[in-house]
1. Mind checking which residues of region 36-66 are within 18 Å of VAL12 (Cα to Cα) and hydroxyl-bearing (Ser, Thr, Tyr)?
2. Pick from region 47-74 the residues that are within 15 Å of GLU22 (Cα to Cα) and part of a loop (DSSP other than H, G, I, E, B): which of them is modelled with the highest pLDDT?
3. Search region 1-34 for residues being of a type in the set (Ser, Thr, Tyr) and modelled with pLDDT under 75, and hand back the single one that is surrounded by the fewest Cβ atoms within 10 Å (Cβ to Cβ).
4. Out of GLY71, GLY37, GLY45, I need the residue that is touching a residue at least 40 places away in the same chain (Cβ under 8 Å) and surrounded by 14 or more Cβ atoms within 10 Å (Cβ to Cβ). Which one?
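The values are calculated or read from the model by the stated rules, or taken from the named source; none is laboratory data. Keep in mind the model is a prediction, meaning the values are calculated, not measured. Positions of Cβ are generated from backbone atoms using ideal geometry, with glycine treated the same way; all protein chains shown enter the neighbour counts.
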Amino acid sequence: MNKYRAPYDPEVHDMHQKVWSEEDLMYLCLMYENTKGADLALALGRTHATILSKVYHLRKTRKFDEYKRKGKAM
């Protein structure tokens, strides 16, 4: 277990294994560069590892900047 990441807790990570909403993706991409991953995990109800994995996937599929622009437009 990584000493820097909080372990899964169903009370804190209430969105675990649920589909990401468009709003959550926009928030994630907009706030990712200026917010700690652990803080984003708490705000979105996901685990830290899930946040890192989702950002990696969005960047790999070139959707990260698209969601970031949508988030700024809100």
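1. If the condition is that a residue be within 18 Å of VAL12 (Cα to Cα) and hydroxyl-bearing (Ser, Thr, Tyr), then THR47, THR50 are the ones that fit.
2. Applying the filter and picking the extreme gives LYS63.
3. Checked region 1-34; the qualifying residue surrounded by the fewest Cβ atoms within 10 Å (Cβ to Cβ) is TYR4.
4. GLY71
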